[in-house]
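Handing you this structure, nothing more for now.
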Amino acid sequence: METTVKNVLIGASAAALLVFAPMTSAKAEMSDLEVIFIEADKDGDRTLNKGEVLLVAITQFNLTDSDRDNMLEMQEVGELASDPEFSDNDANKDGALSIEEVITEKLADFDAADTNSDGMLSFEEVKNSYEIE
Ligand SMILES: [Ca+2]
Ligand SMILES: [Ca+2]
Ligand SMILES: [Ca+2]
């Protein structure tokens, strides 16, 4: 009897670990995109809303902006600077991306990826938009 209870408890805590630590235990079976998706999905509803997408974008922006001037200069983005998307996103053509330019671009990406226009991105929608790019 006691061992049964123990086994149930061990089973339950293992399940809890899987829920709370998907990065460590389940990472090997997930694609990078799934890992990014799950990390971005802060409320865990399996869809990304605009707030969640922008939070990722702003976090990435701050990580990339090494001189903290709220602009991404070419030297900060590395090889991405030669990507046509960089100059595309640089709306005022000053050779750097401001946070406003990044947000505008992310919202446009969001609307383009949201193929059923429900204001949320499902994993399928995110995956499809990556495959198009
Ligand atoms: Ca969500
Ligand atoms: Ca900067
Ligand atoms: Ca959608």
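When the Cα centres of the range 70-108 and the range 47-67 are compared, how far apart do they sit, in Å?
Value for the Cα centre distance between the two parts: 14 Å.
What is the gain in length, in nm to one decimal, between Glu73 and Asp88 on full extension, counting 0.36 nm per residue of separation less the C-alpha to C-alpha distance? Present the calculation step by step, with values, prior to reporting the outcome.
On the way: separation 15, 0.36 × 15 = 5.40 nm, distance 1.41 nm.
The Glu73-Asp88 span can extend by a further 4.0 nm.
So for the pair Thr104, Met30, with labels modelled 7 Å out along Cα→Cβ, what separation do we get in nm?
Distance between the two pseudo-spin positions: 3.4 nm.
In addition: Separation between the Gln60 and Glu124 pseudo-spin-labels, each 7 Å from Cα along Cα→Cβ, expressed in nm?
With each label point 7 Å from Cα toward Cβ, the separation is 2.4 nm.
We did not get these values from a lab; they are worked out from the coordinates using the rules stated. Just so it is clear, the structure is predicted and the values come from calculations on it, not from any experiment. So basically every Cβ, Gly included, is an ideal-geometry build from the backbone, and we count neighbours across all protein chains shown.
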